[in-house]
1. Tell me, which residue of the stretch 100-159 that is polar (S, T, N, Q) and out of contact with any helix residue (DSSP H, G or I) (no Cβ under 8 Å at 6 or more places or on another chain) is nearest to Q78 (Cα to Cα)?
2. Answer yes or no: is there a residue in the stretch 228-244 that is among the β-branched types (V, I, T) and either more than 16 Å from ligand 1 (Cβ to nearest atom) or open to solvent by 10 Å² or more (accessible area, probe 1.4 Å) (or both).
3. Quick one: how many residues across the stretch 128-178 are away from ligand 1 (no atom under 16 Å from the Cβ) and buried (at least 17 other Cβ atoms within 10 Å of the Cβ)?
4. If you scan the stretch 104-142, which residues turn out to be assigned to a loop (DSSP other than H, G, I, E, B) and either more than 20 Å from L192 (Cα to Cα) or more than 16 Å from ligand 2 (Cβ to nearest atom) (or both)?
5. Could you please find all residues in the stretch 97-112 being of a type outside the set (F, W, Y) and surrounded by fewer than 19 Cβ atoms within 10 Å (Cβ to Cβ)?
6. For N87, which of the numbered conditions (1) within 15 Å of ligand 2 (Cβ to nearest atom); (2) within 24 Å of P142 (Cβ to Cβ) fails to hold?
7. For the stretch 204-227, how many residues meet the condition of being more than 16 Å from ligand 1 (Cβ to nearest atom) and over 24 Å from R250 (Cα atoms)?
8. What are the residues in the stretch 164-205 that are aromatic (F, W, Y) and closer than 26 Å to Q129 by Cβ, if any?
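The values are calculated or read from the model by the stated rules, or taken from the named source; none is laboratory data. Since this is a predicted model, take the numbers as computed values, not measurements. Note: ideal-geometry Cβ built from the backbone for every residue, glycine included; neighbour counts use all protein chains shown. Please note that ligands, DNA and RNA were not included when accessible areas were found on the heavy atoms of the full protein model with its side chains. Shrake-Rupley method; radii C 1.70, N 1.55, O 1.52, S 1.80 Å.
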Amino acid sequence: MGVLVLPTTAHAAAGNDRTTVVAHRGASAYAPENTLAAVDRAHSLGIDWVENDVQRTKDGALVVLHDTTLARTTNVEQLYPDRSPWNVSDFTSAEIRKLDAGSWKGAQYAGARIPTLHEYLRRVERNDQKLLMEIKSPELYPGIEDQILVQLLKDGWLDPGHVKNRLIVQSFSANSVRAVHLRRPDIKTGFLGTPAAADLPSYAKFADQINPSHTTISADYVKKVHALKGPHGKPLEVFTWTVNDADTARKVMGYGVDGIISNAPDVVRDAIKG
Ligand code: G3P
Ligand code: CA
């Protein structure tokens, strides 16, 4: 007769109904990160939530890319050999449009482009998905928060339905998260990092989530976050990253996290099922 292993917390007992699984940079284990192909791959896996990273080009366009340089995930060094260090902010949107952001991940993705935020929002909308949007390195892009809010408004992402159920804005920059909260207090926000427990109340004034690396948390830390109420009067949530294997997914679910951000969201979903 097999050994019955009881869940150690009420949260684990609840299974995954309460744990949101987010495709990190899209389903980036399988498709080139932060491209429309990665959004579509998450969709085909049945994953509702996608995470992305937003930056700004030299001529002021909002684009979706993780690194602040174009070198790792595109053919920029071949196309523009004399433009080192290939910063996103040194290239125009027309130049960025010419880059291949897919081949590095596999020949089948050759020709995938770095999407504009507008294109990205349209694809997430078309797929009926939800967006955890990161403002990446905002110190490099003064005023990017306002610009992002304008784009979200133009693309229909600031209506009550999107704001209530389909959008979270996060950043490693507390100033950036605070700026978004002050301009649009209705938007759900997240701070990326692991603030000391004593500092959590100050974050709870402008962030609904504390989103730490899974390597930095414990059940006790998650409990301390949950004990506080965020700007919308609800307990602060924890979405942890980047969890790509079943054992770690089950471990952090046991800690009681509210969300798990993963390059392989199908692996996480299957691990925490039921
Ligand atoms: O969403 C969490 C995660 O994206 C933060 O780290 O470096 O992958 O943007 P990074
Ligand atoms: Ca990110």
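1. The first filter runs over the stretch 100-159 and keeps only residues polar (S, T, N, Q), leaving 103, 108, 116, 127, 129, 137, 147, 151.
Those left that are additionally out of contact with any helix residue (DSSP H, G or I) (no Cβ under 8 Å at 6 or more places or on another chain): 108, 137, 147.
Values: Q108: 20, S137: 25, Q147: 31 Å.
Out of the qualifying residues, it is Q108.
2. Quick first cut of the stretch 228-244, residues among the β-branched types (V, I, T) only: 238, 240, 242-243.
Then drop every residue that is not either more than 16 Å from ligand 1 (Cβ to nearest atom) or open to solvent by 10 Å² or more (accessible area, probe 1.4 Å) (or both), which leaves 242.
Within the stretch 228-244, one or more residues are among the β-branched types (V, I, T) and either more than 16 Å from ligand 1 (Cβ to nearest atom) or open to solvent by 10 Å² or more (accessible area, probe 1.4 Å) (or both).
3. Residues meeting the conditions: 11.
4. Within the stretch 104-142, the subset assigned to a loop (DSSP other than H, G, I, E, B) is 106, 110-115, 127-129, 136-137, 141-142.
Matches in the stretch 104-142: G106, A110, G111, A112, R113, I114, P115, N127, D128, Q129, P142.
5. Taking the stretch 97-112 first, the residues of a type outside the set (F, W, Y) are 97-103, 105-108, 110-112.
Matches in the stretch 97-112: R97, K98, S103, G106, A107, Q108, A110, G111.
6. With respect to (1) within 15 Å of ligand 2 (Cβ to nearest atom); (2) within 24 Å of P142 (Cβ to Cβ), N87 is out only on (1).
7. Residues flagged as more than 16 Å from ligand 1 (Cβ to nearest atom) and over 24 Å from R250 (Cα atoms) within the stretch 204-227 amount to 3.
8. Passing the criteria: F172, F191.
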